[in-house]
Amino acid sequence: MNVPPDLLVGLLGLGALLFFAAERIPSEIVALALLAALALFGVLSPEQALSGFSHPAVVQIAAFLVLSEA
């Protein structure tokens, strides 16, 4: 069964939106699960899925979050 990528992205996005709204699962887990699902279903290549983590803004925000917990 071949699902068109735009339909797959829409369904995954709708599911993620429902999980975000329900707040039963932490938003970080939902976001990472969505990213993994997009990579596993072939909508994104592994390089595309992981490329955002190397952006300086993401690294800086992660550092701020670590420092704020100290």
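For segment 45-66, the set of residues classified as in a loop (DSSP other than H, G, I, E, B) and either open to solvent by 50 Å² or more (accessible area, probe 1.4 Å) or in contact with a Pro (Cβ under 9 Å, 6 or more places away or on another chain) (or both) consists of His55 only. Do we have Val30 as among the hydrophobic types (A, V, I, L, M, F, W, C) and open to solvent by less than 50 Å² (accessible area, probe 1.4 Å) here? When the stated conditions are applied, Val30 passes them. Within segment 4-23, the set of residues being within 10 Å of Val43 (Cβ to Cβ) and either charged (D, E, K, R) or not in a helix (DSSP H, G or I) (or both) comprises just one member, Asp6. If you go through segment 33-44 and keep only what is open to solvent by less than 80 Å² (accessible area, probe 1.4 Å) and part of a loop (DSSP other than H, G, I, E, B), you end up with Gly42, Val43, Leu44. Among residues of segment 37-53 that are within 14 Å of Leu8 (Cβ to Cβ), none has a Cβ under 8 angstrom from a residue that is of a type in the set (Gly, Ala, Ser) and open to solvent by 80 Å² or more (accessible area, probe 1.4 Å) at a sequence gap of 6+ or on a separate chain.
Applying the selection to segment 1-27, what residues are surrounded by 13 or more Cβ atoms within 10 Å (Cβ to Cβ) and hydrophobic (A, V, I, L, M, F, W, C)?
Selection gives Leu8, Val9, Leu12, Ala16, Phe19, Phe20.
The values are calculated or read from the model by the stated rules, or taken from the named source; none is laboratory data. Just so it is clear, the structure is predicted and the values come from calculations on it, not from any experiment. Note that each Cβ is placed from the backbone with ideal geometry, even for glycine, and that neighbours are counted across all protein chains shown. These area figures cover heavy atoms from the full protein model, side chains too; ligands, DNA and RNA do not enter into them. Shrake-Rupley method; radii C 1.70, N 1.55, O 1.52, S 1.80 Å.
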